[in-house]
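The structure appears below as structure tokens.
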Amino acid sequence: MKVPTWTFGFWQAWVYLAISLAAGATILAYLQYADPKLLERRLRGLAAETETSQKVIQLAAVVVLAGTLILSSLDHRFLWSHVPLFATIAGDALLAVSFLIILLALRENTFAAANIAVEAGQQVISTGPYAIVRHPYYSGLLLWFFATPLALGSWWGMLMLVPMALVIAWRIRYEERFLTEHLRGYAEYCQSVRYRLLPGVL
């Protein structure tokens, strides 16, 4: 992993890449086999959004992810901070857990498209992780962003959690307003499942 650290000896990045590729391939293979329609919805990505504000949100998320990787790599290159080995290993473990949460959310909700919309025949999902929090996919995503700097051995990279949390909060606020207006039963679901991301906290 050479740029921007200018070295192939960044072992933390190689482990991070291996976990990410393995988890990504697993999720892709599962969706291809079990839910190809959901995979198609996910692959539409930014192009599927019709609302300008949501395109901005998705673009902001990409920028924050890039910023996290770059800042963490620069931290490693210039030795701005020191993360103990046990914390890096914990980051790798949390990274794997974040992908598992994302997979469980996608497995439970076949309507979890990359864009905010209501499909024909769509119903409120209140089972699996959706019985615990209203947005388990975003829970996994936020954990992913928390785990990334740790896995890469950077305290400074944790700074990017702030803009990422704001991006997710903005996305959730719009999504819940949209679903309350357009998806029957969603308002009642919000009353039943109180927490959005973290049970007992948020």
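Could you give the C-alpha radius of gyration of region 11-192 expressed as a fraction of 2.2 N^0.38 Å, taking N as the number of residues it contains? All intermediate terms of the calculation are to be shown ahead of the outcome.
Numbers: Rg = 17.2 Å, N = 182, 2.2 N^0.38 = 15.9 Å.
Normalised Cα radius of gyration, region 11-192: 1.08.
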From the convex hull of the Cα coordinates of region 51-128, what is the mean projected area in square nanometres? 7.4 nm²
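With a Förster radius of 25 Å, plug the Cβ-Cβ distance of Arg194 and Leu166 into 1/(1 + (r/R0)^6) and report the FRET value to the nearest 0.05. Intermediate results must be reported in sequence, preceding the final value.
Values: r = 22 Å, r/R0 = 0.87.
My answer for the efficiency is 0.70.
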Let me have the 222 nm mean residue ellipticity of the chain computed from DSSP H runs of 4+ only, each contributing -39500 (n - 2.57), with the sum over all residues rounded to the nearest 500. -21500 deg cm²/dmol
State which helices in the chain qualify, where a helix is a whole DSSP H run, it must extend 30 Å or more along its own axis by its Cα atoms, and its mean Kyte-Doolittle hydropathy must be at least 0.5. 11-34, 52-78, 85-108
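Values quoted throughout were computed directly from the atomic coordinates according to the rules given, and no laboratory measurement underlies them. Because the structure is predicted, anything quoted here is derived from the model rather than measured. Every residue, glycine among them, receives a Cβ derived from its backbone with ideal geometry; neighbour counts consider all protein chains shown.
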